[in-house]
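The structure under discussion appears below in the form of structure tokens.
The values are calculated or read from the model by the stated rules, or taken from the named source; none is laboratory data. A quick note: this is a predicted structure, and the numbers were derived from the prediction, not measured. Don't worry about glycine lacking a Cβ; one is built from the backbone with ideal geometry, like all the others, and counts go over all protein chains shown.
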Amino acid sequence: MKRFETYVQSLVEKGTIPGISILVGKGADILLKTHMGYKAVFPEKELPEENTIYDLASLTKPLVTAFLTLYLLDKEKNFFLDTPVKKIFPGWPSDIRVVHLLTHTAGLPAYYPFFLYGNDYFTQLKSIPLKSRPGRRVIYSCPGYILLYYIIEKVSGTPFKTFAREVVFDPLGLKDTFLSVPGPVTHRVAPTEKGNAQEKRVSGKTHKEASGRFNWREGVIRGEPHDCNSWYMGGTAGNAGLFSTTGDIYRMSREFFPASASILTPESLRYAWTNFTPFKESHRTAGFKRNSSFLTSGGRALSRGAVGHNGFTGTSLWLDPVGDHTFILLTNYVHPVFRPINIDRIRRKLHRLLVNIFI
């Protein structure tokens with residue numbers, strides 16, 4: 001554990017991350033729950049609370065959007081993995097199916113700044129050119145999960161945020177999990193970027209005129225989704241927008257393990273663990289990425305059946321069915337400004353160090 005703590009301390013001292021919240025569990029037992037560093041460093045330093053709330057960014061995809069999709073597979077008689085989008089939305093211009101969206105094989109681009117052109121993302125989605133034919137290759141896509149947002153609302157007949165609360169948050173008793181952060185708990189949220197400078201840069205490369213006239217946020221973002229597509233849709237667009245703590249994420253994570261699941265049936269639950277993309281790269285399940293082996297210096301590793309996901313703000317979650325382990329790392333490395341560091345390399349090292357301790 002000393003090696004792990006020393007590495008985290010070095011990241012904090014160098015300003016690579018403000019701080020980090022960590023939880024490691026095995027079955028129903030929490031083996032480690034701790035916080036290191038700071039919750040905020042600008043405009044002043046703030047220490048984390050026991051249950052600091054983080055912007056989970058793309059962890060929204062597996063924990064909410066994919067989960068609700070699997071739930072609808074259980075409940076709706078005419079809704080299946082291979083259901084074409086055009087069956088749900090007549091006139092849809094391509095042959096995308098639900099499974100393609102869940103596994104990032106729809107051919108949709110990685111990113112599109114819908115918010116620059118208003119909040120009718122659905123109409124814009126229909127006109128986006130595909131990068132490849134559906135089912136041919138993995139292109140990690142936020143627009144794909146935004147389309148799932150609309151599918152969930154259409155099939156369930158319920159607003160996305162309401163459906164998430166009724167199906168997941170309330171039944172699991174999650175007190176610190178939100179798709180719209182209430183004002184009274186905003187002080188417990190770890191802030192992210194000062195403005196959306198990075199998203200402004202990215203969107204400006206291909207949408208220069210619209211980006212240039214857009215009224216971008218300028219202050220430190222806190223309690224609002226860092227992701228602009230989610231923020232300007234009212235909190236979430238299915239690709240991001242979830243806020244939570246290590247403890248609540250652990251409770252949600254247990255719903256993916258068959259022995260502790262209480263919401264999904266075994267049939268739909270197995271889709272979260274099944275590799276639907278047997279390509280050379282980027283193996284994907286319904287909501288997660290399959291492990292390519294987090295080896296450690298001691299030779300220990302997550303199993304090949306482990307699944308996980310990262311979030312742009314610095315968050316990470318990995319689940320291992322063999323040892324019944326859960327590894328949660330939450331940080332806000334984009335605070336107070338985005339820096340082009342290799343956060344994936346840092347997360348991999350943190351996970352390897354924890355795996356070497358607890359597996």
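Annotation: of all residues in segment 197-242 being more than 20 Å from A40 (Cβ to Cβ) and of a type in the set (F, W, Y), the one that is surrounded by the fewest Cβ atoms within 10 Å (Cβ to Cβ) is W216.
Hey, can you tell me all the residues within segment 328-348 that are crowded, with 16+ Cβ neighbours inside 10 Å and under 17 Å from Y7 (Cα atoms)?
Our first condition is that a residue be crowded, with 16+ Cβ neighbours inside 10 Å; within segment 328-348, this holds for 328-336, 338, 343, 346-347.
Correct list: I328, L329, L330, T331, N332, Y333, I343, I346, R347.
Consider G299 carefully, then state whether it is more than 29 Å from E218 (Cβ to Cβ), touching a Pro at 6+ places or on another chain (Cβ under 7 Å) and at pLDDT below 95. So G299 does not fit the description; no. Return the residues of segment 14-68 that are aromatic (F, W, Y) and surrounded by fewer than 16 Cβ atoms within 10 Å (Cβ to Cβ); say none if nothing qualifies. The answer is F42, and nothing else.
Tell me, which strands (runs of 3 or more DSSP E) wholly within segment 264-359 include 1 or more residues that are in contact (Cβ under 8 Å) with a residue 40 or more places away in the chain and among the charged types (D, E, K, R)?
Answer list for segment 264-359: none.
Of all residue pairs spaced 6 or more apart or on separate chains, those with beta-carbon atoms under 9 Å, a first member in segment 1-25 that is assigned to a helix (DSSP H, G or I) and a second member that is of a type in the set (D, E, K, R) are Y7/K349. Entry remark, segment 58-112: residues being of a type in the set (V, I, T) and assigned to a helix (DSSP H, G or I) number 8 in total.
Restricting L81, L125, L130, L174 to residues that are touching a residue at least 24 places away in the same chain (Cβ under 8 Å), in contact with a Pro (Cβ under 9 Å, 6 or more places away or on another chain) and surrounded by fewer than 20 Cβ atoms within 10 Å (Cβ to Cβ) narrows the list to L130.
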